[in-house]
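First up is the structure itself, then whatever we jot down about it.
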Amino acid sequence: QVPELENATVRMKNPECVKERISSLRREGTGKLQVISDFDMTLTRFGFNGQRCPTSHNIIDNSRAISEEGRKKLKALLHHYYPIEIDPYRTVEDKLPLMVEWWTKAHSLLSQQKILKSDIAQMVKESEVMLRDGFNTFFDQLQQGNVPLFIFSAGVGNILEEIIRQAQVYHPNVNVVSNYMDFDDDGVLRGFKSPLIHTYNKNNTVLENTEYFQQLSARTNIILLGDSMGDLTMADGVANVHHILKIGFLNDKVEEQRLKYMDAYDIVLEKDETLDVVNGILRYILMET
Ligand code: TMP
Ligand code: MG
């Protein structure tokens with residue numbers, strides 16, 4: 001079926017169930033299928049040559065548009081809140097207000113800098129961001145198969161869109177819901193548009209008012225891609241889910257989080273910087289019979 005499922009990075013609690021679900025997705029056809037994916041650390045790499053790769057927020061933080069003092073403050077926020085975000089021993093209820101705090105403080109700091117709309121493309125060009133290996137195959141397969149790709153991100157939409165545009169994979173089947181920058185008439189950042197999307201509200205509450213919400217509901221077979229426990233609710237807006245296959249990238253604190261991820265995701269990819277397994281599954285599902 002899918003030889004990539006034998007890769008050393010793959011963990012499955014119930015491999016038989018996964019195989020059955022993949023068969024169902026193939027049998028029911030691409031007209032019913034959509035892919036719902038997180039962006040940062042799911043479609044982009046977590047690390048390269050032993051160095052961490054940036055999130056969409058980090059791309060701005062590290063850019064020349066931010067003063068040294070601003071950068072220090074943003075890094076301090078990251079060091080304080082990121083361990084909370086991934087702490088396997090704290091509940092989502094406990095983390096939620098703290099994530100709102102992090103995003104609110106970070107967005108407020110960014111809005112105090114003189115960030116220009118016209119800086120965005122250069123910021124991305126000069127950054128160390130990398131899409132995961134195999135990204136071309138991933139985006140191209142979905143486009144050729146007429147399968148919509150919905151990117152649901154708590155990162156920065158303007159940056160994310162620029163990354164996929166520069167990689168030449170921003171095809172018409174791609175839809176993005178994320179945090180978008182709000183610029184004044186001179187093209188200077190003055191804030192972020194609402195609703196605020198953070199790690200733990202990636203669900204109906206922010207999707208209800210989006211244009212894409214209607215389209216979402218028609219495709220009841222879903223492949224969900226994420227790297228955080230917060231990504232598991234991204235498909236909640238689809239009313240009558242028929243089959244869902246959840247694939248989770250386990251990037252950090254692997255030992256501590258393994259069991260939790262294996263309970264939550266059908267397929268867990270441990271320290272796997274590629275989209276090979278996802279591409280193998282898509283190849284099989286999209287293959288003409
Ligand atoms: P997502 O991958 O679920 O869309 O979440 C975006 C990531 O961005 C999340 O893992 C935390 C991270 N982040 C930063 O790196 N810097 C920031 O300032 C903020 C608010 C979030
Ligand atoms: Mg992520």
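Does region 65-77 contain any residue that is under 19 Å from the mean Cα position of the chain (by Cα) and touching a residue at least 12 places away in the same chain (Cβ under 8 Å)? No: region 65-77 contains no residue that is under 19 Å from the mean Cα position of the chain (by Cα) and touching a residue at least 12 places away in the same chain (Cβ under 8 Å).
The one condition from (1) exposed (fewer than 13 other Cβ atoms within 10 Å of the Cβ); (2) under 16 Å from the mean Cα position of the chain (by Cα) that Asn209 does not meet is (2).
For region 228-240, the tally of residues that are crowded, with 24+ Cβ neighbours inside 10 Å and charged (D, E, K, R) stands at 1.
Restricting Val188, Val174 to those that are surrounded by fewer than 16 Cβ atoms within 10 Å (Cβ to Cβ) and either of a type outside the set (Phe, Trp, Tyr) or modelled with pLDDT of 95 or more (or both) reduces the list to Val188.
Only a single criterion out of (1) touching a residue at least 12 places away in the same chain (Cβ under 8 Å); (2) assigned to a loop (DSSP other than H, G, I, E, B); (3) more than 16 Å from ligand 2 (Cβ to nearest atom) is not satisfied by Pro54, namely (3). Scan (1) among the hydrophobic types (A, V, I, L, M, F, W, C); (2) exposed (fewer than 14 other Cβ atoms within 10 Å of the Cβ); (3) touching a Leu at 6+ places or on another chain (Cβ under 6 Å) for the single condition Ala106 breaks and write down its number. Unmet for Ala106, out of (1) among the hydrophobic types (A, V, I, L, M, F, W, C); (2) exposed (fewer than 14 other Cβ atoms within 10 Å of the Cβ); (3) touching a Leu at 6+ places or on another chain (Cβ under 6 Å): (2).
Residues that are modelled with pLDDT under 95 and more than 30 Å from Ile285 (Cβ to Cβ): does region 108-128 have at least one? Within region 108-128, one or more residues are modelled with pLDDT under 95 and more than 30 Å from Ile285 (Cβ to Cβ).
The residue pairs whose first member lies in region 7-19 and is more than 13 Å from Met262 (Cβ to Cβ) and surrounded by fewer than 17 Cβ atoms within 10 Å (Cβ to Cβ), whose second member is at pLDDT below 95 and of a type in the set (S, T, N, Q), and whose beta carbons are closer than 9 Å, counting only pairs six or more residues apart or on different chains, are Lys19/Gln1. Taking the numbered list (1) within 12 Å of ligand 2 (Cβ to nearest atom); (2) in contact with a Ser or Thr (Cβ under 9 Å, 6 or more places away or on another chain) in turn, Asn240 passes all entries but (1). Of all the residues that make up region 16-51, how many are within 16 Å of ligand 2 (Cβ to nearest atom) and part of a strand (DSSP E or B)? Summing the residues that are within 16 Å of ligand 2 (Cβ to nearest atom) and part of a strand (DSSP E or B) in region 16-51 gives 5.
Of note, Phe183 does not satisfy the criterion of being crowded, with 22+ Cβ neighbours inside 10 Å, over 16 Å from Pro148 (Cβ atoms) and either away from ligand 1 (no atom under 16 Å from the Cβ) or in contact (Cβ under 8 Å) with a residue 60 or more places away in the chain (or both). Inside region 22-76, residues that are more than 13 Å from ligand 1 (Cβ to nearest atom) and touching a Cys at 6+ places or on another chain (Cβ under 9 Å) make up a count of 1.
The values are calculated or read from the model by the stated rules, or taken from the named source; none is laboratory data. The shown structure was predicted, so the numbers you read here are calculated from the model rather than taken from an experiment. For neighbour counting, all protein chains shown are included, and Cβ atoms are generated from backbone atoms with ideal geometry for every residue, glycine included.
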